[in-house]
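Colleague: Mind having a look at this structure? Questions to follow.
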Amino acid sequence: MMTEAERLLTWFDRHRRDLPWRRDRDPFRVWLSEIMLQQTRVETVIPFYEAFLARFPSVVHLAAAPIDAVLAAWSGLGYYRRARQLHAAAQQVAAEGGFPRDVEGLLKLPGIGPYTAAAIASICFGVAVPVLDGNVERVLARRLAEGGDVKSGGVRRGLLEAATRLLDPSRAGDSNQAMMELGATVCIPKNPRCLLCPLTEGCLALAMGDADLYPKARADRKSEEKSIVAVVVEDEERRTLLFRRPDDSSLLAGLWEVPWVEAAVEEADAELGRRYGGTWRLLERIGTARHGITYRDLRVAIHLGEVGSQGVIREGAEAGWFAAEDIRRLATSSLVEKILVARQRASG
């Protein structure tokens with residue numbers, strides 16, 4: 001009779017998705033995928049992952065690249081702090097001549113926490129250590145009918161013990177990927193597909209008919225709604241004025257953006273002057289946009305505008321005028337794309 005760990009691996013061998021980062025055990029590729037998959041769906045990550053690898057095919061290439069090039073390649077994926085930490089970690093790995101091969105060494109790299117360290121160590125180097133991501137937490141909370149907070153210390157220790165029992169040390173990486181795959185495709189948040197699960201025996205939530213109740217939902221941070229005015233300013237050659245956010249910004253550090261202010265439309269001219277310097281004049285509105293950044297829900301009024309003397313740029317390390325093809329090579333957020341699409345539509 002097969003053990004639960006063996007049943008899990010048999011299921012995984014038959015049903016694993018063909019994802020690009022599973023085609024080899026190169027730690028650079030596995031690490032990149034894990035960082036990109038943080039708070040981002042698989043189907044969103046795949047084209048970014050492939051394009052990023054085409055530009056930076058190894059950790060040495062990534063380490064040698066300027067940060068602006070890395071941020072530009074990351075544009076549209078969001079959570080740009082991940083890209084900065086990725087770049088810093090690549091420089092450390094390149095300087096040390098390769099990736100650490102254990103959890104302790106991996107944890108010393110910027111942006112790598114316990115889950116990512118365990119994933120790289122097990123998948124790439126065969127270290128028998130279990131992982132706990134959101135998918136695995138859900139599978140185990142249901143198996144144990146654990147009603148506590150899966151992020152709390154005591155509950156987490158219990159989940160790790162359960163994960164260790166399901167880990168095959170001879171195939172540690174596959175065992176961990178199998179658990180993650182099970183949570184992503186079968187033991188899903190709503191209406192889990194229990195009839196397809198290889199681990200139905202011993203699942204207490206299934207036995208009680210209460211799988212949907214686990215894990216206990218955490219209270220989400222309430223979204224903050226903000227209204228901003230974004231201004232598209234163009235010169236005679238139809239180049240667009242962009243500002244680069246300072247590298248120490250708490251959000252979107254180092255990214256290029258159109259000038260904007262959090263203000264009522266009638267006060268925007270003065271606020272733009274205070275923020276960027278120079279004399280501003282707001283023209284007609286050409287569109288609106290909605291944009292989410294972490295817990296902030298931005299309602300954006302998009303206007304054309306004019307600016308006189310630039311004066312002192314009070315925010316943004318740099319400013320410049322850029323043609324459309326040049327903007328595509330800059331590190332920008334997806335909000336800039338929404339704004340420029342509105343401008344294109346307005347111009348017919």
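The values are calculated or read from the model by the stated rules, or taken from the named source; none is laboratory data. Small disclaimer: the values here were computed from a predicted structure and weren't measured. Here Cβ is always computed from backbone atoms with ideal geometry, including for glycine, and neighbour counts include all displayed protein chains. Side chains are part of the model used for accessible areas, which takes the heavy atoms of the whole protein and leaves out ligands, DNA and RNA. Shrake-Rupley method; radii C 1.70, N 1.55, O 1.52, S 1.80 Å.
Here's the yes/no breakdown for (1) more than 28 Å from VAL70 (Cβ to Cβ); (2) touching a Leu at 6+ places or on another chain (Cβ under 6 Å); (3) in a strand (DSSP E or B):
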residue	(1), (2), (3)
GLU267	yes, no, no
GLY273	yes, no, no
LEU283	yes, yes, yes
ARG290	no, no, yes
ALA301	yes, no, yes
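Colleague: If we scan segment 21-37, do we find a residue that is closer than 16 Å to GLN177 by Cβ, more than 13 Å from the chain's Cα centre (by Cα), surrounded by 15 or more Cβ atoms within 10 Å (Cβ to Cβ) and of a type in the set (Val, Ile, Thr)?
Modeller: Scanning segment 21-37, I find at least one residue that is closer than 16 Å to GLN177 by Cβ, more than 13 Å from the chain's Cα centre (by Cα), surrounded by 15 or more Cβ atoms within 10 Å (Cβ to Cβ) and of a type in the set (Val, Ile, Thr), so the answer is yes.
Colleague: Filter segment 115-167 down to the residues that are at pLDDT 95 or above, under 28 Å from ARG101 (Cβ atoms) and of a type in the set (Gly, Ala, Ser) and list them by number.
Modeller: Once the filter is applied, which keeps residues that are at pLDDT 95 or above, under 28 Å from ARG101 (Cβ atoms) and of a type in the set (Gly, Ala, Ser), segment 115-167 yields ALA117, ALA118, ALA119, ALA121, SER122, GLY126, ALA128, ALA162, ALA163.
Colleague: Scan LEU206, LEU195 and give me the residue that is in a helix (DSSP H, G or I) and loosely packed, with under 13 Cβ neighbours inside 10 Å. Walk me through it before giving the result.
Modeller: Working: LEU206 fails: loosely packed, with under 13 Cβ neighbours inside 10 Å.
Unique residue meeting the criteria: LEU195.
Colleague: Follow-up. Can you pull out the residues in segment 27-54 that are out of contact with any Leu (no Cβ under 9 Å at 6 or more places or on another chain) and either assigned to a loop (DSSP other than H, G, I, E, B) or basic (Lys, Arg) (or both)?
Modeller: If the condition is that a residue be out of contact with any Leu (no Cβ under 9 Å at 6 or more places or on another chain) and either assigned to a loop (DSSP other than H, G, I, E, B) or basic (Lys, Arg) (or both), then LEU37, GLN38, GLN39, ARG41 are the ones that fit.
Colleague: Search segment 96-113 for residues that are surrounded by 12 or more Cβ atoms within 10 Å (Cβ to Cβ) and pair each with any residue that is in a loop (DSSP other than H, G, I, E, B) when their beta-carbon atoms are under 6 Å apart and the residues are at least 6 apart or on different chains.
Modeller: VAL103/VAL129; LEU106/PRO100; LEU106/ILE112
Colleague: Could you please give the count of residues in segment 250-278 that are open to solvent by 20 Å² or more (accessible area, probe 1.4 Å), touching an Asp or Glu at 6+ places or on another chain (Cβ under 9 Å) and at pLDDT below 90?
Modeller: Adding up the residues that qualify gives 1.
Colleague: Just checking, which of VAL42, VAL59 is surrounded by 21 or more Cβ atoms within 10 Å (Cβ to Cβ) and touching a residue at least 12 places away in the same chain (Cβ under 8 Å)? So that I can check it myself, show each step before the final result.
Modeller: Working: VAL42 fails: surrounded by 21 or more Cβ atoms within 10 Å (Cβ to Cβ).
One residue alone meets the criteria, VAL59.
Colleague: Identify the single condition in (1) open to solvent by less than 40 Å² (accessible area, probe 1.4 Å); (2) among the charged types (D, E, K, R); (3) without any contact (Cβ under 8 Å) to a residue 24 or more places away in the chain that LYS190 does not satisfy, given that it satisfies every other one.
Modeller: (1)
Colleague: Separate question: Does segment 171-186 hold any residues that are open to solvent by 20 Å² or more (accessible area, probe 1.4 Å) and within 23 Å of the chain's Cα centre (by Cα), and which are they?
Modeller: MET180, ALA184, THR185
Colleague: Another question about this same structure. Quick one: count up the residues across segment 62-78 that are within 17 Å of GLY254 (Cβ to Cβ), open to solvent by 30 Å² or more (accessible area, probe 1.4 Å) and either in contact (Cβ under 8 Å) with a residue 60 or more places away in the chain or assigned to a helix (DSSP H, G or I) (or both).
Modeller: To start, the set of residues in segment 62-78 that are within 17 Å of GLY254 (Cβ to Cβ) comprises 62, 65-78.
Next, from what is left, pick out any that are open to solvent by 30 Å² or more (accessible area, probe 1.4 Å): 66-68, 76.
Those still in the list that are either in contact (Cβ under 8 Å) with a residue 60 or more places away in the chain or assigned to a helix (DSSP H, G or I) (or both) too: 67-68, 76.
Final tally of qualifying residues: 3.
Colleague: A further question on this structure: Here is a list of conditions, (1) touching a residue at least 40 places away in the same chain (Cβ under 8 Å); (2) in a helix (DSSP H, G or I); (3) of a type outside the set (D, E, K, R); (4) closer than 19 Å to LEU8 by Cα, and LEU159 meets all of them except one; can you say which number that is?
Modeller: For LEU159, the failing item is (1).
Colleague: Of (1) part of a loop (DSSP other than H, G, I, E, B); (2) closer than 30 Å to ARG296 by Cβ, GLU236 satisfies all except one. Which?
Modeller: Failed condition: (2).
Colleague: Output the number of residues of segment 220-249 satisfying the condition of being under 19 Å from GLY78 (Cβ atoms), open to solvent by 20 Å² or more (accessible area, probe 1.4 Å) and either touching a Ser or Thr at 6+ places or on another chain (Cβ under 6 Å) or basic (Lys, Arg) (or both).
Modeller: The number of residues fulfilling the criteria is 3.
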